[in-house]
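Student: Here it is: the structure, laid out below.
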Amino acid sequence: MRSPLTFIAVAAIGLSASIASANELLRVGNAGRESFSFTPANIGQATGIFAKHGLDLEIAGFGGDAKLQQAMAADAVDIGLGSGPGLAFIVKGAPVKAIAAMAGPPLLFAVVVRADGSVKSVDDLKGRKVAISTVGSATNWLMNEVSRQHGWGYDGFVQVPIGENSTRIAALKSGAVDACVVEIGSALNFADRGDGRILLRFGDVAKDFIMHVIFATNKAIVQKPDALKAFLKGWFETIDFMRNNKAKSVAIAMQVTGTDEKTTSGIYDELMPMFSDDGRFDQKALAVLSRSFVEMKTLPDQPDMSKLYTEAFLPGK
């Protein structure tokens, strides 16, 4: 014979499972599995914010915008957390649309130089070798923009595409290049170890910019409109939580990024200002992105940017 308490316990477990199963599953992909930029999804999930909005998230990293777009095209994810430059994939036929501007100025990147003192200012970089990730990347365009703003055209530096952050840092240490563009976490570590210093942050180079956007697949837009609205409510609630709860946010982010508390705390301080609080698309920033597509030869002509995004799913809409 089962006791009344046993029946109550079983009933409670069944009720809990029923409530959990009532949450809708959204598959969320990001373009960098260890990047702080995309940790709001993890933080919102860990703190129960998305669950409060009736969602369970399945989060996966895809190592770059191209792979993320491939995953969305293959219907492997419903939502993609990617870059502003990734909007060009839509023009090329990617079955997605941007549903929120996630982050503005490109605070994610910085230029670092060695501690030997041979490069004291950006002016000293003219004609020197600067390591970037790949041709056509955000790092490539940002250095082109630095060159243009200094009056050197688009070839004021010799840009060397090397790949990962760690490879770029290694090339700088060896003397193969004179500077490199890396993510801010790598830049902070480089400076903390005494290997060199941060020469330039890009916030003032491209104040009008959209560093990251939130994409949704066309299929999700048609089949899961309410879930997309719930996701964006949860996302911006998470951003508010992060702004007001640094210690908790850093503790969760550390588990995702694999960085220690000091570094993660530093990244938090550097990057929180770039996150949008409402997801709206700034027209000046869209114009800069449109221009960058042509300058980087990503597209032959500037596209109609209004066709690449929608604000219909934003909170308040």
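The values are calculated or read from the model by the stated rules, or taken from the named source; none is laboratory data. Note that this is a predicted model, so its numbers are computed, not measured. We place every Cβ from the backbone using ideal geometry, glycine too, and count neighbours over all the protein chains shown. Note: areas computed on protein heavy atoms with side chains; ligands, DNA, RNA excluded. Shrake-Rupley method; radii C 1.70, N 1.55, O 1.52, S 1.80 Å.
Student: Where only protein heavy atoms count, and the probe is 1.4 Å, what is the accessible area per residue for region 161-260 in Å²?
Tutor: The answer is 43 Å² per residue.
Student: Shifting gears a bit: For every other residue with a beta carbon closer than 11 angstrom to the beta carbon of L142, add +1 if it is Lys or Arg and -1 if Asp or Glu, then tell me the sum.
Tutor: Taking every Cβ under 11 Å from that of L142, the sum is +1.
Student: Between A66 and E164, what's the calculated FRET efficiency when r is the beta-carbon distance and R0 is 22 Å? Round to 0.05. Could the numbers behind the result be given before it?
Tutor: On the way: r = 15 Å, r/R0 = 0.69.
After rounding to 0.05, the efficiency reads 0.90.
Student: Amide H of A131: which non-local residues (sequence gap of 5 or more, or other chain) have their own amide H closer than 5 Å, using H built in the peptide plane?
Tutor: Sorted by chain and number, the residues that satisfy this are V160, D178, A179, C180, V181.
Student: From the phi of every residue in region 233-243, what ³J(HN,Hα) in whole Hz does the Karplus formula 6.51 cos²θ - 1.76 cosθ + 1.60 yield, where θ is phi - 60° and glycine or proline is x?
Tutor: Karplus-based 3J(HN,Hα) across region 233-243 equals 4, x, 4, 6, 5, 5, 4, 5, 4, 4, 5 Hz.
Student: Shifting gears a bit: Each residue of region 84-100 in order: what ³J(HN,Hα) in whole Hz does its phi give by Karplus 6.51 cos²θ - 1.76 cosθ + 1.60, θ = phi - 60°, with x for Gly and Pro?
Tutor: After applying 6.51 cos²θ - 1.76 cosθ + 1.60, I find x, x, x, 4, 4, 4, 5, 4, 7, x, 4, x, 9, 8, 6, 10, 6 Hz.
Student: Under 16 Å from a point placed 7 Å out from the Cα of D123 along the Cα-to-Cβ direction: which residues of region 151-195 have their backbone N that close?
Tutor: 151-152
Student: If I fit a long axis through the Cα atoms of helix 165-174 and take the longest principal axis of the Cα atoms of the chain, what angle between them do I get, 0 to 90°, rounded to 10?
Tutor: Relative to the chain, helix 165-174 is tipped by roughly 30 degrees.
Student: Using a simple spin-label model with points 7 Å from Cα along the Cα→Cβ vector, what separation in nm is obtained for K297 and A76?
Tutor: 2.9 nm
Student: Based only on Cα atoms, what mean projected area does the convex hull of the chain have, in nm²?
Tutor: Computed as one quarter of the Cα hull surface, the answer is 19.1 nm².
Student: What is the chain's relative contact order, in percent, from Cα pairs under 8 angstrom and six or more apart in sequence?
Tutor: Computed over the chain, the figure is 26 percent.
Student: For region 55-168, what is the charge dipole size about the Cα centre, in debye to the nearest 20, if Lys and Arg each add +1 at the Cβ and Asp and Glu each add -1 at the Cβ? Could you put the intermediate results ahead of the total?
Tutor: Values: 10 positive and 11 negative charges, 102 e Å.
Here region 55-168 has a charge dipole of around 480 debye.
Student: Tell me, what is the FRET efficiency for D282 and D116 to the nearest 0.05, using R0 = 41 angstrom and their Cβ-Cβ distance as r?
Tutor: Working: r = 40 Å, r/R0 = 0.97.
Efficiency, from the Cβ-Cβ distance: 0.55.
Student: Once you've got the Cα coordinates, tell me which of K173/K262; K92/K233; K67/K207; K92/K207; K233/K317 are over 18 Å apart.
Tutor: On the way: K173/K262 23 Å; K92/K233 29 Å; K67/K207 28 Å; K92/K207 27 Å; K233/K317 11 Å.
Result: K173/K262; K92/K233; K67/K207; K92/K207 exceed 18 Å.
Student: Something else now. With viscosity set to 0.692 mPa s at 37 °C, what whole-number translational diffusion coefficient in µm²/s follows for region 197-317 from Stokes-Einstein and a Kirkwood radius over Cα pairs?
Tutor: Details: Rh = 16.9 Å.
Estimated via Stokes-Einstein, D reaches 194 µm²/s.
Student: Next question, about the same structure. Need one number: % antiparallel among DSSP beta bridges in the chain, to the nearest 5.
Tutor: Counting DSSP beta bridges with both partners in the chain, the antiparallel share is about 55 percent.
Student: So what J values fall out for region 124-139 if you push phi through Karplus, 6.51 cos²θ - 1.76 cosθ + 1.60 with θ = phi - 60°, rounded to Hz, Gly and Pro as x?
Tutor: Karplus values, whole Hz, x for Gly and Pro: 6, 7, 4, x, 8, 8, 10, 7, 10, 6, 9, 5, x, 8, 4, 5.
Student: Quick one: which residues, 5 or more positions from M102 or on another chain, have an amide H under 5 Å from its amide H? H modelled 1.01 Å from N in the peptide plane, none for Pro or chain starts.
Tutor: Amide H neighbours of M102, under 5 Å, 5+ apart: H212, V213, I214.
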